[in-house]
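Enquirer: Sharing a structure with you now.
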Amino acid sequence: MKIIINNLKKIYGKKCALDSVNLQIEDGMFGLLGANGAGKTTLMRILATVLQKTSGEVIMDGIPIENVTEIRKFIGYLPQEFSFYPNFTVYEILDYFSELSEVKKENLRELLDTVNLLDVQKMKVRTLSGGMKRRLGIAVALINNPKLLFVDEPTVGLDPEERMKFRNLLTKYADNRTIVLSTHIISDIEEICSNLAVMKKGKVLYSGSAKSFRSKTDGKVWELDMSEEQFKDIQNDFEKRVTIVSRITNENRIKLRVISDELPAVEAILVEPRIEDSYIRIMNGF
Ligand SMILES: Nc1ncnc2c1ncn2[C@@H]1O[C@H](COP(=O)(O)OP(=O)(O)OP(=O)(O)O)[C@@H](O)[C@H]1O
Ligand SMILES: [Mg+2]
């Protein structure tokens, strides 16, 4: 399963939400990273055939996106925002959607099991936790066993345990399929996506493997540990010279993680870069 996107544009009125996007997406988990307003949802909605592009070309598995009926046979979509009838039970929701997509009832149990909702199938939607609701959303998106799945910001608002469960669920599903996942939670991508794209203001700043993205900051990420007094002395100068990724204060000590082309201070220790470091670097335009 391959998605080819050439010169894709979306203009809402005067607002250009996607500006000549070029991307190639292959099997496995593909992460779409970008700040608020970058164009992730716009791109997802076009790929999911619920929004029309302004211009450009999208081809999925050899089929042009204009061929909506064919495309919809093999895609699933979990929107960023969705709601289900609050008084329906988990089972009733799936039953309802299975009627719409002509899915056999026998498969619903297996689907409930896949998303870990078998035990709560009699609970009403309005009584579900955020994580359960997301998993129900995924179950609905998976109902026709799509080989291509789009999930838009699926882990927002989930606690760490639910996030982990959700990521495991997606990873399992991605085994012989393609999943495109948008997020601004970088650790989601770090752990599960082998390829990714970074968007900013409708443009793609990077696309390729997560590994080569991470290595963009090889030899440039440093950690320093100092007292608060020491930090106060160097703070001004430091903020001019380096990019501070994180700053953790613990009992009068400050642990800094910074990006700098050169050794930022004699006591700095060079560390392995993470996706987040490269993301901050690319967002700062260097
Ligand atoms: N229906 C619309 N009409 C006008 N402008 C829109 C519309 N939908 C989105 N936009 C604009 O297009 C740009 C991209 O929005 P989009 O929702 O695709 O971004 P996003 O990356 O998904 O952001 P977020 O991280 O906040 O979900 C934004 O500037 C947004 O204001
Ligand atoms: Mg969005």
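Here, each number is a calculation from the coordinates, and none is a lab measurement. Note that the structure is a prediction, hence the values are computed from the model and not measured. We place every Cβ from the backbone using ideal geometry, glycine too, and count neighbours over all the protein chains shown.
Enquirer: Of all DSSP beta bridges located in the chain, what percent are antiparallel, nearest 5?
Expert: Working: 37 of 57 bridges.
Bridges in the chain that DSSP calls antiparallel: roughly 65 percent.
Enquirer: For the stretch 210-217, take each phi angle, set θ = phi - 60°, evaluate the Karplus expression 6.51 cos²θ - 1.76 cosθ + 1.60, and give the result in whole Hz per residue in order, putting x for glycine and proline.
Expert: 5, 5, 6, 5, 4, 6, 5, 10
Enquirer: In nm, give the distance between the simple-model label positions of residue 201 and residue 233, each being 7 Å from the Cα along the Cα-to-Cβ direction.
Expert: According to this spin-label approximation, the distance is 4.0 nm.
Enquirer: Report the full-extension gain for the segment residue 191 to residue 19: residue separation times 0.36 nm, less the Cα-Cα distance, to one decimal in nm. Spell out each step's value before the answer.
Expert: Numbers: separation 172, 0.36 × 172 = 61.92 nm, distance 2.88 nm.
Between residue 191 and residue 19, full extension yields an extra 59.0 nm.
Enquirer: Show me the ranking of peptides 158-170, 134-146 by mean Cβ neighbours inside 10 Å, starting with the highest. Could you put the intermediate results ahead of the total?
Expert: Values: 158-170: 16.2, 134-146: 21.2.
Top of the packing list down: 134-146, 158-170.
Enquirer: For the stretch 156-195, evaluate the Debye formula with one uniform point scatterer on each Cα (no solvent term) and list log10 I(q)/I(0) at q = 0.17 Å⁻¹, rounded to two decimals.
Expert: Treating every Cα as an identical point scatterer, log10 I(q)/I(0) equals -0.42.
Enquirer: Determine, for each peptide in 72-80, 40-48, the mean count of other beta carbons within 10 angstrom over its residues, then list the peptides with the highest first.
Expert: 40-48, 72-80
Enquirer: Sticking with this structure for a sec: Would the stretch 47-190 count as rounded, prolate or oblate if I go by the C-alpha gyration tensor, calling it rounded below 1.5 in a/c and otherwise prolate when a/b exceeds b/c, oblate otherwise? Walk me through the numbers on the way to the answer.
Expert: Details: a/c = 1.78, a/b = 1.29, b/c = 1.38.
Verdict is oblate for the stretch 47-190.
Enquirer: Compute the signed sum of charges (Lys and Arg +1, Asp and Glu -1) over the other residues within less than 15 Å, Cβ to Cβ, of residue 275.
Expert: Working: positive: 167, 211, 214, 216, 220, 257, 274, 281; negative: 188, 190, 191, 218, 272, 276, 277.
After counting each charged neighbour, the total is +1.
Enquirer: Going by the alpha-carbon gyration tensor, a ≥ b ≥ c the square roots of its eigenvalues, is the stretch 121-172 rounded (a/c under 1.5) or, if a/c is not under 1.5, prolate (a/b greater than b/c) versus oblate? Intermediate results must be reported in sequence, preceding the final value.
Expert: Numbers: a/c = 1.96, a/b = 1.18, b/c = 1.66.
Note, shape of the stretch 121-172 comes out oblate.
Enquirer: Among 268-277, 196-205, how do they line up from the highest to the lowest mean number of other beta-carbon atoms within 10 Å? Before the final figure, lay out each step's value.
Expert: On the way: 268-277: 16.8, 196-205: 20.4.
Peptide ranking by packing, descending: 196-205, 268-277.
Enquirer: Oh, and also: What length, rounded to one decimal in nm, is gained on full extension from residue 225 through to residue 283, with 0.36 nm per residue of separation minus their alpha-carbon distance? Intermediate values should be presented prior to the final figure.
Expert: On the way: separation 58, 0.36 × 58 = 20.88 nm, distance 2.56 nm.
Fully extending the segment from residue 225 to residue 283 adds 18.3 nm.
Enquirer: Ok, one more. What is the distance, in nm, between label points placed 7 Å from the Cα along the Cα-to-Cβ direction at residue 69 and at residue 87?
Expert: Distance between the two pseudo-spin positions: 3.7 nm.
Enquirer: Compute the Cα gyration tensor for the stretch 137-286, then decide on rounded, prolate or oblate, letting a ≥ b ≥ c be the square roots of its eigenvalues: rounded whenever a/c is under 1.5, prolate when a/b is larger than b/c in the other cases, and oblate in all that remain. Walk me through the numbers on the way to the answer.
Expert: Working: a/c = 2.90, a/b = 2.07, b/c = 1.40.
Note, shape of the stretch 137-286 comes out prolate.
Enquirer: My understanding is that a pair violates if its Cα-Cα distance is over 31 Å; which of 2/200; 165/232; 40/232; 40/216; 104/203 do that in this structure?
Expert: Details: 2/200 23 Å; 165/232 42 Å; 40/232 39 Å; 40/216 23 Å; 104/203 42 Å.
Going by Cα-Cα distance, 165/232; 40/232; 104/203 fall outside the 31 Å limit.
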